[in-house]
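Colleague: I have a structure I would like to understand better, so I am pasting it below and will then ask my questions one at a time.
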Amino acid sequence: MNNEKILLNHGSGGKLTHELISGLFVKYFDNDILRKQTDSAIINVDSNLLAYTTDSYVVEPIFFPGGDIGKLAVCGTVNDLSVSGAKPLYISCGFIIEEGFLFSELERIVKSMAGEAEKAGVIIVTGDTKVVDKGKCDKIFINTSGIGILDEKRKNISYGSEIKVGDKIIVNGNIGEHGAAILCARNSLEYSSDVKSDCASLNKLISEALQVSDKIKFMRDATRGGLATVLCELAEKNKFGVELDESQISVRESVRGLCEIFGYDPLYMANEGKVVMVVGKEDAEKVLKKIKQNELGENAAIIGEITGTNNKLVVMKTGIGGKRIIDMLAGEQLPRIC
């Protein structure tokens, strides 16, 4: 690492984030489990496999169309466990609150967290609260950690180590809606009143998909860095190619229009309710059909496949018949989106 100071781009989920993680955190905290760098650490306690994850939420603004920082914190942790193939069970929450923050807004956030936890079927079992001087943090930051149990046969889903050429890539709906909702809320845009965050707990949708197929070989929620970064990481780690079909990637018109105005690419816009799955080609249609039966998967589609060509590259067939190489997000399209 050559940077002397932490930049906003170090939190983008893109290249600088990877450099920070590998060049500092993994360097000093190094162990076999952490080195995997998956959404949840898979640990073995008395022969029981547990998935264990943590994340911090600093989204600005803290209330946005479709959610708030509390709902986001619960959904984010539930989803990190779920995409690892685990059943989420328990969550902890830590609050860092700025002096002067309104109690009514804190109560609104806590009620939102409780409602989402109940909806997802998880229990908030422990927590911590710190209040800091005014100006020492921006309103409120929340950290959540979560534990879930993991079936032995699903322990490799995080790694994607069983992926083969020909496997299909499924995403459960429209992309970019969380990033677009934050953009609208931050700029008080009346233009896109129908743009709402897709913030949602995906554990039930994922559980239903896992019940119909044992050929789901990889899952990841496409949060910071969006769909493009997930697939670039997947191709790079596993040394195969990914081919996408742009016509199958669903983007709501209001989100597409907003991206065009601000010069953003929906492929890199954040999502908080989208899972990317790699499924054996023999089960892909069956899994897709099941996902589409869930309200969070109505617009699901097979968007591409794993290829033996274009080693470590993601290539997208465009709507006009060309091909475009999709690279990992280099900077920060929109900071503090989660």
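Colleague: If you count, for each residue, the other Cβ atoms within 10 Å and average over each peptide, how do 64-72, 176-184, 245-253 line up from highest to lowest?
Modeller: On the way: 64-72: 23.8, 176-184: 28.2, 245-253: 16.0.
Final packing ranking: 176-184, 64-72, 245-253.
Colleague: To the nearest µm²/s, what D does Stokes-Einstein give for the chain at 25 °C and 0.890 mPa s, using the Kirkwood radius over alpha carbon pairs as Rh? Show your work: numbers first, answer last.
Modeller: Numbers: Rh = 20.3 Å.
Reported coefficient: 121 µm²/s.
Colleague: Compute the length gained on full extension between SER22 and SER47: take 0.36 nm times their separation in residues and subtract their Cα-Cα distance, giving the result in nm to one decimal.
Modeller: The span from SER22 to SER47 would gain 6.1 nm if fully extended.
Colleague: Another one. How much length is gained if the chain between ARG186 and GLN248 is pulled fully straight, taking 0.36 nm per residue apart and subtracting their Cα-Cα distance, in nm to one decimal?
Modeller: 19.4 nm
Colleague: Would you mind checking the radius of gyration and Dmax of segment 204-295 based on alpha-carbon positions, in Å?
Modeller: 14.3, 42
Colleague: With runs of 4+ DSSP H residues as the only contributors, calculate the mean residue ellipticity of the chain at 222 nm using -39,500 (n - 2.57) per run, divided by the residue total and rounded to the nearest 500.
Modeller: Details: 9 runs with 95 residues, N = 338.
That calculation yields -8500 deg cm²/dmol at 222 nm.
Colleague: Order these peptides, 45-52, 99-106, by their mean beta-carbon neighbour count within 10 angstrom, highest first. Present the calculation step by step, with values, prior to reporting the outcome.
Modeller: Working: 45-52: 14.0, 99-106: 11.9.
Averaged packing, sorted descending, gives the order 45-52, 99-106.
Colleague: Right, next: Mean Kyte-Doolittle of at least -1.0 plus a Cα span of 24 Å or more along the axis: flag which DSSP H helices in the chain meet both, please.
Modeller: 103-120
Colleague: Still on this model: Under 5 Å between amide hydrogens, which residues at least 5 positions from ILE124 or on another chain qualify, with H placed 1.01 Å from N in the peptide plane?
Modeller: Residues meeting the criterion, in which the H sits 1.01 Å from N, are ILE91.
Colleague: What per residue convex hull volume, in Å³, comes out for segment 15-165 when only alpha-carbon positions are used?
Modeller: Numbers: hull volume 24.5 nm³, N = 151.
Enclosed volume per residue, from the Cα hull, is 162 Å³.
Colleague: With every protein chain left in place, what is the accessible area per residue of the chain in square angstrom, probe 1.4 Å?
Modeller: Details: 16090 Å² over 338 residues.
Roughly 48 Å² per residue, with all protein chains present.
Colleague: Also, quick follow-up: Over the Cα atoms of segment 212-257, what Rg and Dmax result, in angstrom?
Modeller: For segment 212-257, the Cα-based Rg and Dmax read 13.1, 39 Å.
Colleague: In addition: What percent antiparallel are the DSSP beta bridges of segment 1-133, to the nearest 5?
Modeller: Working: 7 of 16 bridges.
Once the DSSP bridges in segment 1-133 are tallied, antiparallel ones form about 45 percent.
Colleague: Which peptide among 327-335, 122-130 comes first, and what is the full order, when sorted by highest mean count of other Cβ atoms within 10 Å?
Modeller: With the highest mean Cβ count within 10 Å placed first, the list reads 327-335, 122-130.
Colleague: Taking 7 Å along the Cα-to-C-beta vector as the label spot, tell me the ASP265-VAL110 distance in nanometres, rounded to one decimal.
Modeller: Using points 7 Å along Cα→Cβ, the separation is 4.4 nm.
Colleague: Checking a compactness column here: for segment 1-103, what do you get for Rg(Cα) / (2.2 N^0.38 Å), N being the number of residues? Don't skip to the answer; put the middle values down first.
Modeller: Numbers: Rg = 16.3 Å, N = 103, 2.2 N^0.38 = 12.8 Å.
Ratio of Cα Rg to 2.2 N^0.38 Å: 1.27.
Colleague: Label points 7 Å out from Cα along the Cβ direction at VAL125 and LYS289: separation in nm?
Modeller: 3.8
Colleague: Treating only the Cβ of Lys, Arg, Asp and Glu as charged (+1, +1, -1, -1), what charge dipole size does segment 235-338 show about its Cα centre? Round to the nearest 20 debye.
Modeller: Working: 15 positive and 16 negative charges, 41 e Å.
With Lys and Arg at +1 and Asp and Glu at -1, about 200 debye.
Colleague: Based on the Cβ-Cβ distance from PHE29 to ILE320, what FRET efficiency comes out when R0 is 56 Å, to the nearest 0.05? Present the calculation step by step, with values, prior to reporting the outcome.
Modeller: Values: r = 46 Å, r/R0 = 0.83.
Plugging the Cβ-Cβ distance into 1/(1 + (r/R0)^6) gives 0.75.
Colleague: Calculate how many DSSP beta bridges within the chain are antiparallel, expressed in % of all such bridges and rounded to the nearest 5. All intermediate terms of the calculation are to be shown ahead of the outcome.
Modeller: Working: 47 of 60 bridges.
Percent antiparallel among DSSP bridges in the chain is about 80.
Colleague: With a cut-off of 8 Å between alpha carbons and a minimum separation of six or more residues, what is the relative contact order of segment 232-338 in percent?
Modeller: Numbers: 118 pairs, mean separation 51.4, N = 107.
That works out to 48 percent.
Colleague: A follow-up question, please. Just the number, please: carbon plus sulfur as a percent of the accessible area of the chain, 1.4 Å probe, no ligands or DNA/RNA counted.
Modeller: It is 50 percent, rounded to a whole number.
The values are calculated or read from the model by the stated rules, or taken from the named source; none is laboratory data. These figures come from a predicted structure and were not determined experimentally. A quick note on method: Cβ atoms are made from the backbone with ideal geometry, for glycine too, and the neighbour counts reach across all protein chains shown. Accessible surface areas use protein heavy atoms only, side chains included; no ligands, DNA or RNA. Shrake-Rupley method; radii C 1.70, N 1.55, O 1.52, S 1.80 Å.
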